[in-house]
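J.: Pasting a structure here, questions to come.
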Amino acid sequence: MSYNSGEIYFIREQSHSGSDLTPLVKIGLVRQHEGRSSYERVQEHQTGNPRTLVLTDRNIIFTDAVDHVEAQLHRRFAPNRISGEWFEFNTSSELDAALADAKGLAAEMSKLRPLFEQAKILQVTPDDGEIADASEDDLMNATDLLIAKERVKICKTAKKPIEELIKKTFESGVNVGTAAKSGTKTFVSKFDEAKFKQDYPEQYDEFLIKSSSWYQRFYLDSKIAKSTDVKKFRAFNETQNEITRIDTQTINMSSPVKINGLNDLLLEITQLQVIAEWDQEVAEAKLKQACGTQLGIKNICKWQRSDKIKSVFDTESFSKKNPEQYIDYLLDPVTKTYIRLTNVKTRTSN
């Protein structure tokens, strides 16, 4: 689950004269598990910005589900967006209202913490094989889950042509700024277990050992998935309408290619996707809470949880007893070149 805690920051910037602050504000995040602070992010953002960036404790808000809170804020203040994560607040009262919204969202997220904590505990609790009767709430949560999944799906589909266009532009040698970069990755040598098993099946069996691992799988009943038309629901249609608008803008920015504009559209879709993924996780957590220790809910969902015993090849033991044979079946290291979209959320300073 992406119930990551972290900080939402509102970074200000000084005017060139240094006597006052500009109306431009960067709304971003740091995740607690990444081990960075908002003040460290300021130092990173300062690079390449000719104006001095300013951050105070007042403009930092700690919250659960930090990715969702950031996405919600970006959506709410889209009319104020200059580019990426940069927004314009012309008065102190406008900025105060944005800070109040962030605090309100943080309060909402804290109320959901017990739900996710219980689901986390239940995830490592074996199911008892029983099936519970469904309630109206269960049906509603299952419907919400289906709608959210479809919203995530259309967001992912919409991102692909934009990502491919940026990559293609980068490959052609056109300067795309910070939108993409290339790199290489070397994959270390790996024992070719499948080939060894094919060549020496009996010897392979000699090194099989029993291994215990925890297995859990949650899924909706196929009947409810088939009987639910997500297009009848407002949440799906709102996301679909936004994607349709972005698709139109993408076409307009494709010839000639406008990288900054495409990058901003990609960010918009990502925000829509983050919000949909959050709705998906909340609905799923509610169904898991309803399942409790039971296997599932009749005609709604199942949540299998058990300790699985399976046979695995003991590579470590084999390599010690047969070092030369082990080396013979090592695959050569492979180096691959890749293009990564950085999706850096910056603005062009004037």
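J.: Taking the condition out of contact with any helix residue (DSSP H, G or I) (no Cβ under 9 Å at 6 or more places or on another chain) and farther than 30 Å from K226 by Cα, does D96 pass? Explain how you work it out, then say what you get.
T.: Values: out of contact with any helix residue (DSSP H, G or I) (no Cβ under 9 Å at 6 or more places or on another chain): yes; farther than 30 Å from K226 by Cα: yes.
Answer is yes for this residue.
J.: Taking E44, is it within 16 Å of the chain's Cα centre (by Cα) and either assigned by TED's automatic domain parsing to the domain that holds A102 or surrounded by 15 or more Cβ atoms within 10 Å (Cβ to Cβ) (or both)? Full working, then the answer.
T.: Details: within 16 Å of the chain's Cα centre (by Cα): no; either assigned by TED's automatic domain parsing to the domain that holds A102 or surrounded by 15 or more Cβ atoms within 10 Å (Cβ to Cβ) (or both): yes.
For E44, the condition - within 16 Å of the chain's Cα centre (by Cα) and either assigned by TED's automatic domain parsing to the domain that holds A102 or surrounded by 15 or more Cβ atoms within 10 Å (Cβ to Cβ) (or both) - is not met.
J.: What are the pairs, 6+ residues apart or on separate chains, where a residue within the stretch 45-74 that is on the phi < 0 side of the Ramachandran plot has its Cβ under 7 Å from a residue that is assigned to a helix (DSSP H, G or I) and of a type in the set (D, E, K, R)?
T.: Partner pairs satisfying both residue conditions: I61/K103; D64/R113; L73/D101.
J.: Any residue at all in the stretch 120-141 that's under 24 Å from R76 (Cβ atoms), in contact with a strand residue (DSSP E or B) (Cβ under 7 Å, 6 or more places away or on another chain) and either without any contact (Cβ under 8 Å) to a residue 60 or more places away in the chain or hydrophobic (A, V, I, L, M, F, W, C) (or both)?
T.: Taking the stretch 120-141 and keeping what is under 24 Å from R76 (Cβ atoms), we get none.
Taking every residue of the stretch 120-141 in turn, none turns out to be under 24 Å from R76 (Cβ atoms), in contact with a strand residue (DSSP E or B) (Cβ under 7 Å, 6 or more places away or on another chain) and either without any contact (Cβ under 8 Å) to a residue 60 or more places away in the chain or hydrophobic (A, V, I, L, M, F, W, C) (or both).
J.: With the requirement that a residue be without any contact (Cβ under 8 Å) to a residue 40 or more places away in the chain, more than 20 Å from K310 (Cα to Cα) and not basic (K, R), what does the stretch 189-234 give you? It would help to see each step written out before you state the result.
T.: Residues of the stretch 189-234 without any contact (Cβ under 8 Å) to a residue 40 or more places away in the chain: 194, 198-203, 205-206, 222, 226-227, 229, 231-232, 234.
Filter again for more than 20 Å from K310 (Cα to Cα), leaving 199-200, 222, 226-227, 229, 231-232, 234.
If the condition is that a residue be without any contact (Cβ under 8 Å) to a residue 40 or more places away in the chain, more than 20 Å from K310 (Cα to Cα) and not basic (K, R), then D199, Y200, S222, S227, D229 are the ones that fit.
J.: Another question, then. Identify the single condition in (1) surrounded by fewer than 19 Cβ atoms within 10 Å (Cβ to Cβ); (2) under 21 Å from G6 (Cα atoms); (3) not acidic (D, E) that F87 does not satisfy, given that it satisfies every other one.
T.: (1)
J.: If R12 passes every condition in (1) modelled with pLDDT of 90 or more; (2) not in a strand (DSSP E or B) but one, which one does it miss?
T.: Unmet for R12, out of (1) modelled with pLDDT of 90 or more; (2) not in a strand (DSSP E or B): (2).
J.: Looking at I61, is it among the aliphatic types (A, V, I, L, M), more than 25 Å from L266 (Cα to Cα) and in a strand (DSSP E or B)? Lay out the reasoning, then the answer.
T.: Values: among the aliphatic types (A, V, I, L, M): yes; more than 25 Å from L266 (Cα to Cα): yes; in a strand (DSSP E or B): yes.
Yes, satisfied.
J.: Moving to a separate point now. Could you check P79 against (1) free of Cβ contacts under 8 Å to residues at least 60 places away in the same chain; (2) surrounded by 17 or more Cβ atoms within 10 Å (Cβ to Cβ); (3) of a type outside the set (D, E, K, R) and say which number it fails?
T.: The one condition P79 does not meet is (2).
J.: From the list I166, I224, pick out the single residue that is in a helix (DSSP H, G or I), over 30 Å from K258 (Cβ atoms), at pLDDT below 95 and touching a helix residue (DSSP H, G or I) at 6+ places or on another chain (Cβ under 9 Å). I'd like the intermediate steps shown before the answer.
T.: Working: I166 fails: over 30 Å from K258 (Cβ atoms).
The conditions single out I224.
J.: Ok, one more. Tally the residues that are under 25 Å from the mean Cα position of the chain (by Cα) and over 14 Å from W86 (Cα atoms), restricting the search to the stretch 20-41. Please lay out each step first, then the result.
T.: Taking the stretch 20-41 first, the residues under 25 Å from the mean Cα position of the chain (by Cα) are 25-41.
So of that shortlist, the ones also over 14 Å from W86 (Cα atoms) come out as 30-41.
The number of residues fulfilling the criteria is 12.
J.: Mind checking which residues of the stretch 90-110 are among the aliphatic types (A, V, I, L, M) and either within 16 Å of E7 (Cβ to Cβ) or in contact with a Ser or Thr (Cβ under 6 Å, 6 or more places away or on another chain) (or both)?
T.: Step one: filter the stretch 90-110 for residues among the aliphatic types (A, V, I, L, M), giving 95, 97-100, 102, 105-107, 109.
If the condition is that a residue be among the aliphatic types (A, V, I, L, M) and either within 16 Å of E7 (Cβ to Cβ) or in contact with a Ser or Thr (Cβ under 6 Å, 6 or more places away or on another chain) (or both), then A98, L99, A102, L105, A106, A107, M109 are the ones that fit.
J.: Can you tell me which residue in the stretch 121-162 is surrounded by the most Cβ atoms within 10 Å (Cβ to Cβ), limited to those that are within 23 Å of K223 (Cβ to Cβ) and among the polar types (S, T, N, Q)?
T.: N141
J.: Go through the stretch 169-202 and give me each residue that's closer than 18 Å to N260 by Cα and among the aromatic types (F, W, Y).
T.: Selection gives F170 alone.
J.: For F196, work out the one condition from (1) touching a helix residue (DSSP H, G or I) at 6+ places or on another chain (Cβ under 7 Å); (2) of a type outside the set (A, V, I, L, M); (3) part of a helix (DSSP H, G or I); (4) closer than 29 Å to D144 by Cα it doesn't fulfil.
T.: Only one criterion in (1) touching a helix residue (DSSP H, G or I) at 6+ places or on another chain (Cβ under 7 Å); (2) of a type outside the set (A, V, I, L, M); (3) part of a helix (DSSP H, G or I); (4) closer than 29 Å to D144 by Cα is unmet by F196, namely (4).
The values are calculated or read from the model by the stated rules, or taken from the named source; none is laboratory data. Remember, it's a predicted structure, so these values are computed and weren't measured experimentally. Cβ sites come from the backbone with ideal geometry, for glycine too, and all protein chains shown count toward neighbours.
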